[in-house]
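Right, one structure below, let's go through it.
What follows is calculated from the coordinates using simple rules that are stated; it is not laboratory data. From a predicted model like this one, the values you see are computed outputs, not experimental measurements. So basically every Cβ, Gly included, is an ideal-geometry build from the backbone, and we count neighbours across all protein chains shown.
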Amino acid sequence: MNTRGIDIVALVLVIIGAINWGLIGFFEFDLVAAIFGGTYAIASRIIYALVGIAGIYSLTFFGRIRGDI
């Protein structure tokens, strides 16, 4: 089964999440909340949820990498 498209979307979402957490950690600035209207805005919560799901999905990369070695 070809999951390349899902893998790319998951990777992009994980990168967005990492950048957002970096901004929060270094500058106390939540980019997602700033763009989508606050931490508790429905759009922000959807983005946070998608990033979380992508992070969990990305755990499967370890199994596939291990299989490639």
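A few points about this structure:
- Residues that are buried (at least 16 other Cβ atoms within 10 Å of the Cβ), touching a Leu at 6+ places or on another chain (Cβ under 9 Å) and closer than 27 Å to Gly63 by Cβ, drawn from segment 18-50: Asn20, Ile47
- Scanning segment 4-17 for residues that are within 8 Å of the chain's Cα centre (by Cα) and more than 13 Å from Tyr48 (Cβ to Cβ) returns Ala10, Leu11, Val12, Ile15.
- Qualifying positions in segment 18-34 - touching a helix residue (DSSP H, G or I) at 6+ places or on another chain (Cβ under 6 Å) and under 14 Å from Gly55 (Cα atoms): Asn20
- With respect to being part of a helix (DSSP H, G or I), β-branched (Val, Ile, Thr), surrounded by 10 or more Cβ atoms within 10 Å (Cβ to Cβ) and in contact (Cβ under 8 Å) with a residue 40 or more places away in the chain, Val9 fits the description.
- Residue under evaluation Gly38, criteria (1) small (Gly, Ala, Ser); (2) more than 9 Å from the chain's Cα centre (by Cα); (3) in a helix (DSSP H, G or I), criterion not met: (3)
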